[in-house]
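All remarks here apply to the structure that follows.
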Amino acid sequence: MKNLANLIKLSECPRLTEKYKGIAALPLDLPRFELDSADNFWRIWNEEKARVDRQHIDRGAVGKSPDKVSKEYTQWDGIAMYEDKEVLGSAAWVTKDSPAMAESQPAYLKSIFDNLPFVRIRSVRLWSSNCVIPGHYDGNMPASLDGKLRFPTEIRIMLDDQNPKETFWLAPVSQYKPHTTVPDEAKMHVRLPPDTNTFVWNNEDCIHGADYDPAYKKILVVIKGWVDIDRLETLLDKSIAKYPDYVVKF
Ligand SMILES: [Fe+2]
């Protein structure tokens, strides 16, 4: 696990914390990720999606009342397109692996590996929340990385979103603690421009959560791994320059 922490160039982090101070989230200047076959995607999704199970209690549970911190508690359905089996045993959540889904979307998966700024990708998971997601931090692997990456590093792709308005939101942790009520007017929602479906947020200075309406489907691609700090910095700079009106500030 120690080696995993070394995948991140931590010496650069204080500089980047200062450089991107006040930025909660932004869309990334990457071409839209498009499925190889939407028909095959939906067929496999509908046949194979399963509840996402908790394997370990990590920082995501910080602030929850202790009686609600349980491995039985889950809030997503999903499937995994890729898992790094070497480290899967230490992941907080386990998602049903679907080789059929990976095989049905080869270019989609390849473009994730080719275009996203990671040194090593741990998992590519498709998650659909089945309830309101309260504000929380995501945990890092290993937990010794928690608190270190205080700039936008958490990357998601919006695979499908039928909601009439944005649901994914952030709030500064200086004002709102995890698993407490965040009033709607304080939620800073991430908006995506039409030419990208990827975004990134600061998972240390902000908590994140999601509104939920069972009438509307949404699937996010959760890419977990260890970011390539140099490639990420270049991409953040390009993205801020391209989408100034979409940068979420706090
Ligand atoms: Fe999260």
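Structure notes:
- Residues (surrounded by 14 or more Cβ atoms within 10 Å (Cβ to Cβ), among the acidic types (Asp, Glu) and either assigned to a loop (DSSP other than H, G, I, E, B) or on the phi > 0 side of the Ramachandran plot (or both)) located in the stretch 22-49: ASP29, ASP36
- Answer from PRO172, PRO134 - the residue that is under 20 Å from LEU26 (Cβ atoms), over 12 Å from the mean Cα position of the chain (by Cα) and either surrounded by 15 or more Cβ atoms within 10 Å (Cβ to Cβ) or touching a residue at least 60 places away in the same chain (Cβ under 8 Å) (or both): PRO172
- When LEU116 is tested against the conditions (1) in contact with an Asp or Glu (Cβ under 8 Å, 6 or more places away or on another chain); (2) among the hydrophobic types (A, V, I, L, M, F, W, C); (3) within 20 Å of ALA24 (Cβ to Cβ); (4) away from the ligand (no atom under 16 Å from the Cβ), the lone failure is (1).
- Single residue of the stretch 45-76 satisfying the filter (within 15 Å of the chain's Cα centre (by Cα) and closer than 24 Å to ASP213 by Cβ) that is farthest from the ligand (Cβ to nearest atom): VAL52
- Restricting the stretch 191-250 to residues that are in contact with a helix residue (DSSP H, G or I) (Cβ under 7 Å, 6 or more places away or on another chain) and either assigned to a loop (DSSP other than H, G, I, E, B) or within 16 Å of the ligand (Cβ to nearest atom) (or both), the residue that is nearest to TRP76 (Cα to Cα): ILE223
- Of the listed requirements (1) at pLDDT below 95; (2) of a type in the set (Val, Ile, Thr); (3) buried (at least 22 other Cβ atoms within 10 Å of the Cβ), THR180 misses just one: (3).
- Considering ARG54, ARG59, the condition of being at pLDDT below 95, surrounded by fewer than 18 Cβ atoms within 10 Å (Cβ to Cβ), in contact with an Asp or Glu (Cβ under 9 Å, 6 or more places away or on another chain) and over 29 Å from ASP195 (Cβ atoms) is satisfied by ARG59 alone.
The values are calculated or read from the model by the stated rules, or taken from the named source; none is laboratory data. Treat the numbers as computed from the prediction; the structure is a model and nothing was measured. With ideal geometry, Cβ positions are generated from the backbone for all residues, glycine too; neighbour counts draw on all protein chains shown.
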